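Contents: one structure, followed by commentary.
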Amino acid sequence: MPRHRVDVIDVRRVVAARFGDGLDQYPRALCCSFHTTAGYLDRGVAARLNQGPDGVMPYIDVFRTMFPEGAGYAHDELERRTELSEDQKPAEPLNADSHLAFMAGALRTCVSYPNRRDVPISFIDLDGVHAGRSRRRTTSVLGYTSEQRVAQARIVVPVSGHSVESINLKDPSLGIYDQFRELLDRHGVEKGRLRLTLAPGEKHAGLTVNEYETLLMRHDLSEVLRDPLRFMAEKAGHMLGNPRAIPAKTLDYAKYDLVRVFNRLVDALGLRDSRLENVLSRAIAMPASRFLRMKRSVSLLVSDRDATGRGRIVEGTYQSPILVQWHRHGRQARALDVTLTRFV
């Protein structure tokens, strides 16, 4: 259980304490979180960081600075949340900042790591304490030897003509999850994963797994995608320096803050004096494609834990794979490649 609102927990240590060394015999581990504000580092980022708190927290703090707690997000206006009952609203955490930091920081709900006994596996919780109490968190760690590709398909996702849009791939009207179930039934995979990837040529778009709540997706996230710098000016202000030294929150000052945020990200990832830093420095003026570290793929756990011999997608109650675009597409559709694999 998390000790603080933002916490880093070594899942490997927890697994070893509860189940002994059973995980150690496998060369790979699939880690899956069933929450929308708690998960794992992308494998590429994890490879650059010491996966203990000292390595992870500087990286996470960059995105906490971009999205400070309690900065007037639409998602936190509980009186507007029509999906909540009147009884639920008083107990609902104000956590839009945690959702946005999760998506912007490219945290994963499902990621595969090389399984090394001496390397921590960091479970990062961005909203682990509410009203003074630790929230109960659930995650799975599945050891496996190798992964076999079983099937591949391409699905087409309709999008509107809007430049900025987020599409809930779990929406029953799209029929995408029906296609997934048919794929699983046809190939009989009991333990594995479905990997969704933007097709080659798809630009100005990304994939994430999060809560598809209207105010969060169509207001807060849309504001970030439309104008990241203005969002920082209005929400983050000048969290990185002395606010008295800068008299007003203007767009120019937001650019100043974004440069400092960018420099902290470069430091956290150990990229100083690298060619990549030079490339990113030139790209910093670009919009959401550089502001957000959203990825081109997500993975969904497949398991038969709920019905032996019948593999199904296993996910948290509020989790949905989400397609996000921040620039109008030439066609009113996006293509995704779906790969089904089996663990052995």
What shape does the range 155-234 take by its C-alpha gyration tensor, where a ≥ b ≥ c are the square roots of the eigenvalues and a/c under 1.5 counts as rounded, a/b above b/c as prolate, and the rest as oblate? prolate
Quick one: the Cα spread of the range 1-121 along its three principal axes, in angstroms, biggest first? 51, 29, 22
Sorted by packing (mean other beta-carbon atoms within 10 Å per residue), highest first, where do 78-84, 54-60 land? 54-60, 78-84
Compactness summary of the range 15-82: radius of gyration and Dmax from Cα atoms, Å, are 17.2, 51
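Where a ≥ b ≥ c are the square roots of the eigenvalues of the C-alpha gyration tensor, would you call the range 96-197 rounded, which needs a/c under 1.5, or, failing that, prolate if a/b is larger than b/c, or oblate?
Values: a/c = 2.08, a/b = 1.14, b/c = 1.82.
Judged from the Cα gyration tensor, the range 96-197 comes out oblate (a/c at least 1.5, b/c at or above a/b).
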Ranked from highest to lowest mean number of other Cβ atoms within 10 Å per residue, what is the order of the peptides 137-143, 105-111? 105-111, 137-143
Given unit charges at Cβ for Lys, Arg (+) and Asp, Glu (-), the dipole magnitude of the range 66-195 about its Cα centre in debye, nearest 20, is 800
Apply the Kirkwood formula to the range 181-225: the hydrodynamic radius equals the inverse of the mean of 1/r over all pairs of different alpha-carbon atoms; give it in Å with one decimal. 13.8
Just report the Cα centroid separation between the range 325-344 and the range 97-152, whole Å. 22
Please enumerate, by chain and number, the aspartates and glutamates with C-alpha under 16 Å from the C-alpha of Lys89, excluding those fewer than 8 residues away in the same chain. Asp76, Glu77, Glu79, Glu213
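Each reported figure results from applying straightforward, stated rules to the coordinates on display, with no laboratory input. Treat the numbers as computed from the prediction; the structure is a model and nothing was measured. Heads up, the Cβs are rebuilt from the backbone with ideal geometry, glycines too, and the neighbour counts pull from every protein chain shown.
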